[in-house]
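To keep things clear, I will list the structure first and then write my remarks on it.
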Amino acid sequence: MGSLSWLAAAAVFASLLAVGHCAAAGGVADFNATDADFAGGVGLNSSDAAVYWGPWTPARATWYGQPNGAGPDDNGGACGFKHTNQYPFMSMGSCGNQPLFKDGKGCGSCYKIRCKKDPSCSGRSETVIITDMNYYPVAPFHFDLSGTAFGKLAKPGLNDKLRHSGIIDIEFTRVPCEFPGLKIGFHVEEFSNPVYFAVLVEYEDGDGDVVQVDLMESKTAHGPPTGRWTPMRESWGSIWRLDTNHRLQAPFSIRIRNESGKTLVANNVIPANWRPNTFYRSFVQYS
């Protein structure tokens, strides 16, 4: 096996090890996901969670990480997003179980959530972003929130008291994401090389998610422009990869499609002298 092929294989293996997970707080085993509060046909169909401004739907919420933190220790998670304690995430991230996470295609989706039943709940709605995967759901729809996001649901001064509740009943509805001042960004992942290219896509207004990514090389190995889009494969979370049997010819254009079917093209967004572990901002956005 050539050195480049070995590097590509190592990169895939490393990506599998990198996927984080949620560790729900507060007695998860005490709740049954099929109890009477969720009777009446609320199923696990991911399309139920895909409609903007749909009816408020019952769910349950837990929290993980530090009480005033962004979730996982590295401020990342199973979507691949980093610095979720900074704008635009501002520590308002959440793990989602499968109907919300959607095998990674739900990464970046935005939801309004609110709680009313717990005496410490304010009843106000707050917006959270799916940034991680929930492996231990306690309900058909389960948001495992950052400590910050969970506390935001409380009445003034009762943040810690609400967090001590551990598991609470909430309601949610899908809403468009709004990231003022940001264009869509592409982070070239570590271990990318001339025959293996992996990129994290983030900051999409509107749906907030990406369901397909395609890459166009600037030219063929012999010089002429390719004019051809090559589909990338979802690696994990919001990271997409392309494994090839030839050296990729940069600069690269990237085309993305969101859940609503809208496409955007970032022309030559990855420069000829691209480097792994580097962020490149585009000039395109869904809004």
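The values are calculated or read from the model by the stated rules, or taken from the named source; none is laboratory data. Predicted model, so just to flag it, every value in this text is computed and none were measured. Cβ sites come from the backbone with ideal geometry, for glycine too, and all protein chains shown count toward neighbours. Calculation scope for accessible area: heavy atoms of the full protein, side chains included, ligands and nucleic acids excluded. Shrake-Rupley method; radii C 1.70, N 1.55, O 1.52, S 1.80 Å.
Within segment 220-246, take every residue that is among the charged types (D, E, K, R) and within 26 Å of LYS183 (Cα to Cα) and give me the one that is least open to solvent (accessible area, probe 1.4 Å).
Among those residues, the one meeting the criterion is ARG241.
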Is one or more of the residues making up segment 129-152 among the aromatic types (Phe, Trp, Tyr) and in the same structural domain as ILE270 (by the TED database)?
no
Wholly within segment 180-287, which strands (runs of 3 or more DSSP E) include no fewer than the required count, namely at least 1 residues that are in contact with a Pro (Cβ under 8 Å, 6 or more places away or on another chain) and modelled with pLDDT of 95 or more?
185-188, 212-217, 263-270, 278-281
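Among what's in segment 101-152 and is part of a loop (DSSP other than H, G, I, E, B) and on the phi > 0 side of the Ramachandran plot, pick the residue that is most open to solvent (accessible area, probe 1.4 Å).
The qualifying residue most open to solvent (accessible area, probe 1.4 Å) is GLY123.
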Considering only segment 36-52, I want to know if a residue exists there that is at pLDDT 50 or above and more than 18 Å from CYS177 (Cα to Cα).
no
In segment 125-170, which residue that is of a type in the set (D, E, K, R) and within 20 Å of the chain's Cα centre (by Cα) is nearest to TRP63 (Cα to Cα)?
ASP144
